[in-house]
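One structure below.
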Amino acid sequence: LNDNKKHFFENNFEKLKQLGIEKIEELSIEKIIKKHQKKFLIIGFTKNEYKLKIPLPDDLVYFNYASFSHSGNYLGIVGKPENKGFIKIVKLDIDETNNSMRIEREYETKYPSLACWVCGFSKNNYFATYDSSPNTYLIKIDDLSQDTKIDYSKIQVIPKKSFLCFSPSGRFIALSEKDYHPSSLGGNGHQNSNVFHIVLVENCKNIKTFQEHGKDVKLVAFSENEDLIMSLSDDGAVYLRKVELDDEE
């Protein structure tokens, strides 16, 4: 990486000098991205060609994931800016009569320590995502104020666990322990986790832990009545468990 960086710097010295970069130590991808190029996420309806642009921050280096709430009135976006992580929640005003939509309000935070990877909404209006730490961040949609910044004091943090999915009722959340070590810093990317946990959303209490998988847990899903849990790992093993999930466990 250092040899490639030196080669790039020496072969583009004059152009980099025009950007105010005169030392190799000053060279970074963020400094040579054209900041005037606005970034958007485009959403729309499946039944027509209507499109709406959702603006993204100029310093967003990686857009990683987006998800709609069950009602369709909220959109969650996560990724990696130049520093820390990024969460954006967009409240949408959808007009089914005219097949149109508009942005009613936008909420943002860079509270997560590192890049955020996947996100999702529960039926009872919780939003979750996890960063490379890994920490899972829970936001109750009802706690969002009129301010466009998400109050970090309202964010519940579940340390050392990575978000997988919510249960159908939204009472429970499935989490693994997958973290991320950037290859640019000598790491090996996403780290495997053969363990997953079931946590009570209301108080973030861990009520079940499963560790029978021999390889990375790729997927967890609940049955509609939440008495069955299916999990799939990287070695192709599928477990279907009958469980009793009790709020008091």
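The values are calculated or read from the model by the stated rules, or taken from the named source; none is laboratory data. Just so it is clear, the model here is predicted, and its values are computed rather than measured. FYI the Cβ positions are ideal-geometry reconstructions off the backbone, even for glycines, and counts take in every protein chain you see. Heavy atoms of the whole protein, side chains included, go into the accessibility calculation; ligands, DNA and RNA do not. Shrake-Rupley method; radii C 1.70, N 1.55, O 1.52, S 1.80 Å.
Quick notes on this one:
- The residues of segment 160-249 expose on average 53 square angstrom of accessible surface per residue, using a 1.4 Å probe on protein heavy atoms.
- Charge dipole (Cα centre; +1 on Lys/Arg Cβ, -1 on Asp/Glu Cβ; no other charges) of segment 99-204 amounts to roughly 160 debye.
- Between amide H atoms placed 1.01 Å from N, distances below 5 Å from Ile150 occur with Glu108, Thr109, all of them 5 or more places distant or on a separate chain.
- Considering only Gly170, Gln191, His181, the residue lying farthest towards the positive end of the dipole of segment 148-198 is Gly170, judged by Cα position with unit charges set on Cβ.
- Hz values of 3J(HN,Hα) by residue in segment 83-97 - Karplus curve (6.51, -1.76, 1.60), Gly and Pro given as x: 10, 6, x, 8, 10, 10, 10, 10, 8, 9, 9, 9, 9, 5, 5
- Averaged over residues, the count of other Cβ atoms within 10 Å places the peptides 171-184, 135-148, 43-56 in the sequence 171-184, 135-148, 43-56, highest first.
- Normalised by 2.2 N^0.38 Å, where N is the number of residues, the alpha-carbon radius of gyration of segment 1-142 equals 1.31.
- Mean residue ellipticity at 222 nm, helices only, the chain: -2000 deg cm²/dmol; runs of at least 4 DSSP H residues each add -39,500 (n - 2.57), and the sum is divided by the number of residues.
- By accessible area, using a 1.4 Å probe on protein heavy atoms only, segment 7-88 has 53% of its surface on carbon and sulfur.
- Note on Glu244 and Gln211: their simple-model spin labels are 2.4 nm apart, each label 7 Å out from Cα toward Cβ.
- Summing Cβ point charges (Lys, Arg +1; Asp, Glu -1) relative to the Cα centre of segment 189-249 gives a dipole of roughly 340 debye.
- Of Asn11, Leu92, Cys204, farthest towards positive along the dipole that unit charges on Lys, Arg, Asp, Glu beta carbons give the chain: Asn11
- The dipole here belongs to segment 56-150: it is taken about the Cα centre, uses +1 on the Cβ of Lys and Arg and -1 on the Cβ of Asp and Glu, and is about 260 debye.
- Stretched out straight at 0.36 nm per residue, the stretch from Val157 to Ser184 would grow longer than its current Cα-Cα span by 7.0 nm.
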